[in-house]
Each structure stands twice: as C-alpha cells, then as structure tokens.
Amino acid sequence: GKRPCALVSTIETFDGVETVENFNTTPEAVELQRSLKRCVDNGVEFCSLEVSSQGLRYARTDNTNFEVAVFLNISKDHISPSEHKDFEDYFSAKLKIFSQCQIGIVNLDADHHERILEQAKNDSAKYVKTYSLHNPNADYYCYEFKKDGKYTRFNVKHQDFDESFLIKLHGFYNVSNALAIIASAYELNIPLENIKNGIKNTEVSGRMEIFESKDGKVVAVVDYAHNKISYESLFKAMSDDYPEHSKNIKIIYGSVGDKAQERREELGTITGQKAAMSYISADYPGHESFQKISEEIAHYVELQGGKYKIMENRNEAIEEAISTATEPTIVMACGFGRLNWQKYGDIYYPRESDVECVIRCLNDYDKKHEQ
C-alpha cells in the first residue's frame, strides 16, 4: 500500500513514519525543508501543509512550490506589533501563497473573495478553481447538507460529477473545509471513490470533538476555535445540532497575550451575547498578565449583559461548568483541543488536555447522577 499523506500543521508534523509535536504553525525554513526531505525519503507522495501568514511574510516557505494552494478565509485577526501592523499587511502576506503554486483554489464565500480570486488568477502558474456553499457558479458547489447520525451528508456539484459525501464532523465550516479538500484532491487527479472514503473516515483530533453525559443533559464540545470566525461557526453549529441545550451555553476560553489584541473585544462580545456563562481562563498569556487580559475580555462580556467568571486554571473551569449543570447544557472548551501543554512567557508547561479533562469530568458527573 501507499504511504499515508504527510502533514505539517499547528499541532504536529507527520513525515509518513513518525509524528512530532509542533510549536509554530509553519516551521522555520530549514526545519520545514528538513521535514519535507524526510517525507520524500520515507516514500510519501502527498503532504498537506498549513501555511500561516507569518510563515509567508517571513520567508519560511520561500522556494517551496505548492501543487495546490487553498485560500480558506480572511478576517481582521493577527494584527499587533508582533504580527502584522495592519489588515493590509496581513492580507497581502496571505495572498503571497498564490505566487508559489501551480493550482489556486479559492473559497467564494470568504470575505474579500473578489480580491482573492483576482490575485489567484494573476499569480497561479496553471489555473484557478473555486468552491462555495452559496454560489452555484463555483466549480465545486455544495447545494445541500444535513446531519445524518454522527455524520454530515452533503451534495457537491461539479462539471464531472454530482455526488453525495459524508464527513464525521458537524457545522457548515467543516463542510466548507471538506469541500476545499474535495476540490484539492480532485484537481490532483485522486479518484472520487478514494476522496469519498478518505473524508468519510477522517477524524480530526481536537476539532469539534463532542462528548455527552449518560443522561443526555450535558453536551461538551472541545474545539480549537480561537477567533471571531471560528467562534461564530461553533456557536451556530452547536445551536443547530442541540437546540434544546443551546439556551444554556457555558464556555471556557481566553485570549493570547502579546498579540491579536482585538480578539479580546471580539470574543468578549460574541460570548457576552450567546453564552449563559463565560469562564475566562488562561490561553497563552505570553508576557502580559493573565488578569489584565481577562479584565479586558470581561469588559466586553459585561457590555453585552453577559455573565462571567475569571478562573485562570482551564481545567478547574471545565470541572465547574460540567459539575454545576442542572438543565440541558452545552459546555464549550475552546482554543486548546488535545494540546497537553500551555505557554506562559517563554516556558511550556504540561497540562491535562481539554479532551482528557472533559472525559474525566463527565465520568464524575455520570457517577453523581446515577439512579
């Protein structure tokens, strides 16, 4: 059989043989080339890379020529003294990806998609394809999706096919990402059957992992959501799937220190509007004080009339959110997924991951509520 697809992402690097944890989304240039060389030596045919705006801006991916480059979306994020000086700097850094690819793939549902598409057409060496959940003129158009047990079923129309696909994740943004994968794989001449089987059986560790208490009262979701786009998507997906529980959403989250300052306002505003209770906990405070970051977020929660509690220890906040549930409740643990470390200043500290913590707390809850 063939080697599985290699991966370089925010969470880990897999070179076809071994998996190592990552601390940067896109590794430094030398490290990246070393990983890609290992992939080749291991007989890997395909590698999927998550390329950050920082990676592009600081030449970490220079001289890496991508067969396919996908532009998923853009929002006002990553703007700070240590990242991008303004939105234009951020946007133009992300657009650089097309000058390094053969085939450009563009999400027509993204903000500013006209500019993205224009850049892709100017810069991609071969050609550009589009995908969308709203625009029937896209090359890959998803015209219907619905929950089907533990799967989401969706239909995709293309000039060569009109087929139904399944993924093990819920929510429109996961369908949108799956559509990007289908477009990429099909343009790489991977047979449709293989694509179908591949995405149907894919489980994304730490991405929208859902756990329920035995009495069905508590639904806990662990997700890497950390900014405005991902929060809005997660709230919508969970409310659509669990309408009964969505009247009482408790969320455990924080925001990074030293960068992306505007996130504090965005996250505080969204949670203040949509959550019954915000547990503001430590993210990566960096060199800022946890208290200062939390008070800034809390200010925006208050402006929306939301309730909050500042609890630095994420695991304690998850414990409280689950153990105090008395009515149908959604508990959202955001930002950390299966990460089992946390960074303060420049030091990485080990911790119980959100997934481990949720499973442990639900077990305790089940024992307490056994009839």
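Numbers at a glance
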{"item": "Share antiparallel - DSSP beta bridges, the chain, percent rounded to 5", "result": "45"}
{"item": "Vicinal HN-Hα couplings computed from phi for the stretch 282-291 (Karplus, 6.51 cos²θ - 1.76 cosθ + 1.60; Hz; Gly/Pro x)", "result": "6, 9, 10, x, x, 9, 9, 7, 4, 4"}
{"item": "Nearest 10 degrees, 0 to 90: helix 29-41 Cα axis against the chain principal axis", "result": "70"}
{"item": "Estimated distance in nm for a label pair at E50 and K157, the labels positioned 7 Å out from Cα along Cα-to-Cβ", "result": "3.3"}
{"item": "Value of [θ]222 nm, deg cm²/dmol, for the chain, DSSP H segments ≥ 4, -39500 (n - 2.57) each, nearest 500", "result": "-10500 deg cm²/dmol"}
{"item": "Sequence-distant residues sharing a close amide H with H226 (under 5 Å, placed H)", "result": "Y231"}
{"item": "Crossing angle, helix 262-274 versus the chain [Cα axis fit, 0-90 degrees, rounded to tens]", "result": "60"}
{"item": "Probe 1.4 Å - accessible area at I181, Å² to nearest ten", "result": "90"}
{"item": "Net charge of Cβ neighbours under 14 Å - reference P27; Lys, Arg +1; Asp, Glu -1", "result": "-3"}
{"item": "Cα point-scatterer Debye curve for the stretch 266-334, base-10 log of I(q)/I(0) at q = 0.14 Å⁻¹", "result": "-0.41"}
{"item": "Additional length obtainable on full extension of the chain from E370 to K37, 0.36 nm per residue less Cα span", "result": "114.5 nm"}
{"item": "Correct choice for semi-axes √(5λ) of the Cα gyration tensor in Å that was computed from the model, options (1) 37, 23, 20; (2) 34, 25, 21; (3) 30, 22, 21", "result": "(2)"}
{"item": "Cβ-derived FRET efficiency at R0 25 Å, T326 paired with E302, nearest 0.05", "result": "0.55"}
{"item": "The stretch 96-135: Cα Rg divided by the 2.2 N^0.38 Å rule of thumb", "result": "1.07"}
{"item": "Sulfur and carbon atoms: percent of accessible area, the stretch 67-197 [1.4 Å]", "result": "48"}
{"item": "Solvent accessible area, Å² - E370, 1.4 Å probe, full protein context", "result": "120"}
{"item": "Contour excess over end-to-end distance, with Cα ends at T10 and N201 and 0.36 nm allotted per residue", "result": "66.6 nm"}
{"item": "For q = 0.09, 0.14, 0.16, 0.17 Å⁻¹, Debye-computed log10 I/I(0) when each Cα of the stretch 4-148 counts as one equal scatterer", "result": "-0.31, -0.75, -0.95, -1.04"}
{"item": "log10 of Debye I(q)/I(0), alpha-carbon scatterers only, for the stretch 82-181 at 0.10, 0.19, 0.21 Å⁻¹", "result": "-0.33, -0.94, -1.04"}
{"item": "For the stretch 174-181, Karplus couplings with θ = phi - 60° (6.51, -1.76, 1.60), whole Hz, Gly/Pro x", "result": "6, 5, 4, 5, 5, 4, 4, 5"}
{"item": "Bridge type composition, the stretch 63-165 - antiparallel percent by DSSP, nearest 5", "result": "45"}
{"item": "Per residue accessible area in Å² of the chain, where ligands, DNA and RNA are left out and the probe is 1.4 Å", "result": "48"}
{"item": "Karplus (6.51, -1.76, 1.60) ³J(HN,Hα), θ = phi - 60°, over the stretch 299-306, in Hz, Gly and Pro reported as x", "result": "4, 6, 4, 4, 4, 8, x, x"}
{"item": "Stretch gain in nm, segment Y348-E193, where the contour uses 0.36 nm per residue and the Cα spacing is subtracted", "result": "51.6 nm"}
{"item": "Spatially proximal aspartates and glutamates relative to K200 (Cα-Cα < 16 Å; intrachain offsets below 8 disregarded)", "result": "D148, E163, E209"}
{"item": "Cα-based Rg / Dmax (Å) for the stretch 164-318", "result": "17.8, 53"}
{"item": "Sites Q273 and K214, calculated FRET efficiency, Cβ-Cβ separation with R0 41 Å, nearest 0.05", "result": "0.85"}
{"item": "M332 long-range amide H proximity, modeled H, under 5 Å", "result": "V221, K250, I251, I252"}
{"item": "Number of Lys pairs (Cα under 18 Å; 8 or more positions apart or on different chains) in the stretch 206-276", "result": "11"}
{"item": "Rounded tilt (10° steps) of 314-323 against the dominant C-alpha axis of the chain", "result": "60"}
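The values are calculated or read from the model by the stated rules, or taken from the named source; none is laboratory data. Remember, it's a predicted structure, so these values are computed and weren't measured experimentally. Using ideal geometry, Cβ is built from the backbone for each residue, glycine included, and neighbour counts are taken over all protein chains shown. Calculation scope for accessible area: heavy atoms of the full protein, side chains included, ligands and nucleic acids excluded. Shrake-Rupley method; radii C 1.70, N 1.55, O 1.52, S 1.80 Å.
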